[in-house]
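Visitor: My structure is below; once you've seen it, I'll send some questions.
The values are calculated or read from the model by the stated rules, or taken from the named source; none is laboratory data. Everything numeric in this text was worked out from a predicted model, so none of it was measured. No Cβ is skipped: glycine too gets one built from the backbone with ideal geometry, and neighbour counts run over all protein chains shown. When the accessible area is computed, the model is the full protein with side chains, heavy atoms only, and any ligands, DNA or RNA have been set aside. Shrake-Rupley method; radii C 1.70, N 1.55, O 1.52, S 1.80 Å.
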Amino acid sequence: MKMIGLIGGMSWESTAEYYRLLNDITRERLGGLHSARCVLHAVDFAEIEVLQAEGRWAEAGEILAAAARSVERAGADMVLLCTNTMHKVADQVAAAVSVPLLHLADATADAVRAAGIRRVGLLGTRFTMEQDFYRARMEAAGLHVLVPDEDGRALVHRVIYEELCLGVVREESRAAYREVIGALVADGAEGVVLGCTEIELLVGAADSPVPVFPTARIHAQAAVDAALAPAAP
């Protein structure tokens, strides 16, 4: 099994879920006592969040690029950026290493297309829902992406930063997310992308009338597939 390099800590709540998923999926694939070969560099999310809020994306990218170099030096054969939002600087991170970066939006788009769906709702941080770096990549893969209205986007973003990143899971927020999902479905969404890795801590398939696409699980599955793929001749 190839070594999976994780850049995490954004937040550590979802990074812990990544670690669990990688090991669960590896055990499902290989059986017995097998677990994932991985190395993790976790950043301090408080520092990253300030840079996000101030629009200092290049500086945040420098931090994550340094993290990518560290996991490559530790033996990683591939890099996973364990966050949807920070894929805004994915090109900067990928350019810092010689091993491939497995792009989360690509893995998610593949999963949506494999399900035969073309119109999807997207939940995530304001950055992910409102900027082009994620939506445009999915649209380039042939998908039509819908986002909540202004009030819905504000609610989804607030719950991520004020609750889920702190490990707080509230039934009231789950109910509110269900309403946002319902509105996306009413607008024509055939599926919903949980485009922030923390959202999977709050809602899942039972909370949506259409299929949901949990991006942390999708990313972890793609990583294990790549790690177990035969070496090129």
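Visitor: Run the helix sum for the chain: -39,500 (n - 2.57) per DSSP H stretch of 4+ residues, divided by residue count, reported at 222 nm to the nearest 500 deg cm²/dmol.
Guide: Only helices count here, giving -15500 deg cm²/dmol.
Visitor: Mind checking the full-extension length gain between Ala206 and Glu28? Use 0.36 nm per residue of separation minus the Cα-Cα distance, one decimal, nm.
Guide: Length gained between Ala206 and Glu28: 61.8 nm.
Visitor: Can you sort Cys82, Cys38 by 1.4 Å-probe accessible area, starting with the largest?
Guide: Descending order: Cys38, Cys82.
Visitor: Note down the nm distance, to one decimal, between modelled labels 7 Å out along Cα→Cβ at Arg37 and at Ala66.
Guide: About 2.9 nm, to one decimal.
Visitor: Tyr19 accessible area, nearest 10 Å², 1.4 Å probe?
Guide: 130
Visitor: What is the calculated FRET efficiency for Arg119 to Val50, with r their C-beta to C-beta distance and R₀ = 41 Å, to the nearest 0.05?
Guide: 0.70
Visitor: Quick check: at a probe of 1.4 Å, how many percent of the accessible area of segment 1-115 sits on carbon and sulfur atoms?
Guide: Here it works out to 51 percent.
Visitor: Still on this structure, I have one more. Accessible area, 1.4 Å probe, largest first: how do Glu130, Glu72 sort?
Guide: Ranked list, largest accessible area first: Glu130, Glu72.
Visitor: Could you tell me which of rounded, prolate or oblate describes segment 24-149, using a ≥ b ≥ c as the square roots of the eigenvalues of the alpha-carbon gyration tensor, with rounded for a/c under 1.5 and, failing that, prolate when a/b is larger than b/c and oblate otherwise?
Guide: oblate
Visitor: On to the next question. What shape does segment 75-171 take by its C-alpha gyration tensor, where a ≥ b ≥ c are the square roots of the eigenvalues and a/c under 1.5 counts as rounded, a/b above b/c as prolate, and the rest as oblate?
Guide: Oblate, since a/c reaches 1.5 and b/c is not below a/b.
Visitor: If you don't mind, there's one more thing I want to ask. Percentage of Cα-Cα pair distances in the chain greater than 30 Å, rounded to whole percent?
Guide: Of all Cα-Cα pairs in the chain, 21 percent lie more than 30 Å apart.
Visitor: Same structure again: Please give the per residue accessible area of the chain, computed with a probe of 1.4 Å over protein heavy atoms only, in Å².
Guide: About 43 Å² of surface per residue is accessible.
Visitor: How would Asp77, Asp91 rank on accessible area, largest to smallest, probe 1.4 Å?
Guide: Sorted by accessible area, descending: Asp91, Asp77.
Visitor: Only Lys, Arg, Asp and Glu count, each charged at its Cβ (+1, +1, -1, -1), so figure out the dipole size of the chain about its Cα centre, rounded to 20 debye.
Guide: 780
Visitor: Follow-up. Could you compute how much accessible surface Met3 exposes when probed at 1.4 Å, giving the result in Å² to the nearest 10?
Guide: Ignoring ligands and nucleic acids, Met3 comes out at about 30 Å².
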